[in-house]
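Readers should treat all values here as calculations from the given coordinates under stated rules, not as data from a laboratory. Everything quoted here is computed from the prediction, not taken from an experiment. Here the Cβ positions follow ideal geometry from the backbone for every residue, glycine too, while neighbour counts run over all protein chains shown.
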Amino acid sequence: MEIELRLVPKDRRRPVPELKNLVFGRLFTEHMFVMEYDCKRGWHSPRIQLYQDLTLDPAAIVLHYAQTIFEGLKAYWGVDGKIRLFRPWENVKRLNRGAERLCMPQVPEDLLLEAIKKLVLVDQAWIPREKGAALYIRPFMFGTEPSLGVKPSHSYLLLIILSPVSAYYQEGFNPVKIYVTEEFVRAAPGGTGEVKAGGNYAASLKAAEVAHKRGYTQVLWLDAVERRYVEEVGTMNIFFYFEDELVTPALSGSILPGITRDSVLHLTREWGLPVSERRVSIEEVIEGVETGRLKECFGTGTAAVISPVGALCWRDQEYLINQGQTGPLARRLFDELTGIQYGEKEDPFGWTIVLD
Ligand SMILES: *Cc1c(COP(=O)(O)O)cnc(C)c1O
């Protein structure tokens, strides 16, 4: 299948605004990718066209039953003037795992990756040039069939939209404070926690609201069964650096398998650190704070790369980690990953693709 280019003529393009101090996910580029699916034709009409409103039947399945999944990755403007993507095939494969889980059709992986690359090149003028800033890429798909019956849709739309984003750390690489919730859970075994399904995020809003009201920026999620084992922090995976071991919760079925998480595991194993993917209880974390065995804690995800955790609140008590400061491991990982993404450091694992 060929991707049709229905581009805005160059002399009629919208001027690119100044790409500074952007609020995440509010500004979008001039074009988007669209592809349609129906049972008879399968995927068809892939095209890059003007970014514009969609028309949907009010009974479209996605609006009622959340049959929708998404991905998130970035295009980086390198120090050498080259545009890079970071492990984009992992996003493509994860989207298809999500499609499987939500009874949606598989997307041709080569076509999706080609669509991402082409769209980024078309709107490359919208990639911010400073280090830390990037063009956020949001592929997503959803069921469009008008039906109030609870069943998989017979028709789908897949889109890719692009949003320039500023550096996540505008005021320095500072730690966040997190709130351990025992009241709410993000995902349960057998549920959809391990895929980027829209409904997961709707279900997480209440806990985030409670955390914000209490002065915390993120929620620390515990497992749904015992409310004891750590799962994730906000929309990031989490790592604990104990005296003799770097630990991240093992993928249990309710944890999102982050690409940044996987990259951190590769790098730290390469560096010779003892690394475990295992269960880690909130009691072990608190005890680690009290005895000094816990040296650092940080979240990992595409948006922030590494997000140091400086304090956590559990059962109305606040615990400081590394005196509320960013630790050396978090900083080293941040420098290494962003160094690879912006073409400043060697890419020994072949994680990046250069677009040209
Ligand atoms: C996207 C996401 C992550 C991080 O995944 P990356 O591939 O590293 O960006 C972690 N947890 C949740 C819940 C997510 O949605």
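Can you put L220, L73 in order, fewest other beta carbons within 10 Å first?
Values: L220 25, L73 21.
Least to most surrounded, the residues fall as L73, L220.
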Amide proton proximity set for A133, modelled H, under 5 Å, gap of 5+: A167
One would report the antiparallel percent of DSSP beta bridges in region 4-165, rounded to the nearest 5, as 95 percent
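Over the chain, what is the mean sequence separation of C-alpha contacts under 8 Å (at least six apart), divided by residue count, expressed as relative contact order in percent? Walk me through the intermediate numbers first.
Working: 729 pairs, mean separation 65.0, N = 356.
Relative contact order comes out at 18 percent.
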All-pairs Cα distance distribution in region 4-165, expressed in whole percent, bin size 5 Å: 1, 8, 18, 19, 20, 15, 10, 6, 2, 1, 0
³J(HN,Hα) computed for each position of region 13-22 - Karplus, 6.51 cos²θ - 1.76 cosθ + 1.60, integer Hz, glycine/proline x: 6, 5, x, 6, x, 5, 8, 10, 6, 7
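To the nearest 0.05, what FRET efficiency results for Q317 and R97 with a Förster distance of 35 Å applied to their C-beta separation? Don't jump to the answer; show the numbers that get you there.
Details: r = 38 Å, r/R0 = 1.10.
That pair, Q317 with R97, gives E of 0.35.
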Pull up the cross-link candidates among the lysines for K295, meaning alpha carbon to alpha carbon under 23 Å and not fewer than 8 places away within one chain. K177
Sequence-distant or interchain residues sharing an amide H contact under 5 Å with I83, placed H: which? G78, L355
Got a sec to turn the phi values of region 243-256 into Karplus ³J(HN,Hα) couplings, 6.51 cos²θ - 1.76 cosθ + 1.60 with θ = phi - 60°, whole Hz, x for Gly and Pro? 2, 10, 6, 9, 10, 10, x, 5, 5, 9, x, 10, 9, 6
Looking at the chain, what % of its DSSP beta bridges pair antiparallel, to the nearest 5? 80 percent
Based on DSSP, what percent of beta bridges with both residues in region 176-341 are antiparallel, to the nearest 5? 65 percent
Provide the packing ranking of 137-148, 16-27, i.e. peptides ordered by the mean count of other C-beta atoms within 10 Å per residue, highest first. 137-148, 16-27
In straight Cα distance, which aspartates and glutamates are under 18 Å from K117, not counting same-chain residues fewer than 8 positions off? E2, E4, E30, E71, E90, E109, D356
For F242, the residues 5 or more places away or on another chain with a placed amide H closer than 5 Å to its own amide H are V247, K295
Put in order of increasing Cβ neighbours within 10 Å, starting from the fewest, K74, K295 give K295, K74
Across region 307-320, in residue order, what do the Karplus-derived ³J(HN,Hα) couplings come to in whole Hz, using 6.51 cos²θ - 1.76 cosθ + 1.60 with θ = phi - 60° and x for Gly and Pro? 10, x, 9, x, 7, 9, 10, 10, 6, 6, 10, 9, 10, 8
Backbone N under 17 Å from the A167 label point (7 Å along Cα→Cβ), restricted to region 306-341: 306-308, 326, 331-341
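Filter K74/K196; K74/K206; K10/K131; K131/K345; K74/K118 down to the pairs with a C-alpha to C-alpha distance above 18 Å, please.
Details: K74/K196 16 Å; K74/K206 28 Å; K10/K131 27 Å; K131/K345 13 Å; K74/K118 14 Å.
Violating the 18 Å Cα-Cα cut-off are K74/K206; K10/K131.
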Under the helix-only model (-39500 (n - 2.57) for each DSSP H run of 4 or more, divided by the residues of the chain), the mean residue ellipticity at 222 nm, to 500 deg cm²/dmol, is -7500 deg cm²/dmol
So how do F298, F28, F33 line up by other beta-carbon neighbours within 10 Å, fewest first? F28, F33, F298
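Evaluate the Kirkwood expression for the hydrodynamic radius of the chain, namely the inverse of the mean inverse distance over all pairs of different C-alpha atoms, and round to one decimal in Å. Numbers along the way, then the final one.
Working: mean 1/r = 0.0465 Å⁻¹.
Hydrodynamic radius (Kirkwood, Cα pairs) of the chain is 21.5 Å.
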In whole percent, what relative contact order does region 53-168 give with Cα contacts below 8 Å and a gap of six or more residues? 35 percent
